Amino acid sequence: MLASATKHWDNLYVSRFYGWHPGTVKGGCVHGASYKLKADAPNDAVDTVSKAFIVPLFEKLLSDGTVQAYQVAEENIHTADPALFFIFYITSNAEGLDKVNAALSAAIGANSLAGPALGSMVDFSVHRDELGRSNASLK
């Protein structure tokens, strides 16, 4: 009985792409998204997408104060599909979420190759989002 009442899973992630502003966020919004690479995506697809699109976008959002932290992560020990990768970010308030969405739309619209490149490597049909509230101290 105890075993069934305490079933859980642990996730251990590794992030090679990340950034943050030192400081404290109280009652901030934490957004997490999971994405799955297509079966024919290159082995370095997460690195390619991160360097070419995700990191420049989030570095801009970090510099203008829209986000306080971000990371692109993969599971270090795969408990889920090894083709999954994750993007997490923290905003100080709900308006920050809207600003991120607007910046994402603008970045895709401004780069005619971004949408097709992402679509060639990422299966968006299994994309999932999570949203939470958090207090965080970033050093």
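What the table shows:
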item	result
Residue match in segment 105-124 (condition: farther than 22 Å from Asp47 by Cα, of a type in the set (A, V, I, L, M, F, W, C), surrounded by 11 or more Cβ atoms within 10 Å (Cβ to Cβ) and under 16 Å from the mean Cα position of the chain (by Cα))	no
Any hit, segment 78-101, residues being of a type in the set (D, E, K, R), in contact with a Gly (Cβ under 8 Å, 6 or more places away or on another chain) and surrounded by 12 or more Cβ atoms within 10 Å (Cβ to Cβ)	no
Within segment 125-135, tally of residues that are of a type in the set (Lys, Arg) and over 20 Å from Val46 (Cα atoms)	1
Close pairs (9 angstrom Cβ cut-off, 6 or more residues apart or separate chains): among the aliphatic types (A, V, I, L, M) in segment 1-24, at pLDDT 90 or above anywhere	Val14/Ala73; Val14/Glu74
Unmet criterion (only one of (1) farther than 13 Å from Gly28 by Cβ; (2) in a strand (DSSP E or B)) for Asn135	(1)
Residues of segment 1-30 satisfying the condition of being modelled with pLDDT of 85 or more and of a type in the set (A, V, I, L, M)	Val14, Val25, Val30
Pair list, Cβ under 7 Å, 6 or more apart: segment 119-139 residue farther than 29 Å from Thr48 by Cβ, other residue of a type in the set (Lys, Arg)	Asn135/Lys26
Residue in segment 108-120 that is closer than 29 Å to Gly27 by Cβ and not β-branched (Val, Ile, Thr) present	no
Pick from segment 55-88, criterion within 16 Å of His127 (Cα to Cα) and at pLDDT 95 or above, ranking: nearest to the chain's Cα centre (by Cα)	Ile87
Unmet requirement for Phe17, which otherwise passes all of (1) of a type outside the set (Lys, Arg); (2) touching a helix residue (DSSP H, G or I) at 6+ places or on another chain (Cβ under 9 Å); (3) not in a strand (DSSP E or B)	(3)
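The values are calculated or read from the model by the stated rules, or taken from the named source; none is laboratory data. From a predicted model like this one, the values you see are computed outputs, not experimental measurements. Heads up, the Cβs are rebuilt from the backbone with ideal geometry, glycines too, and the neighbour counts pull from every protein chain shown.
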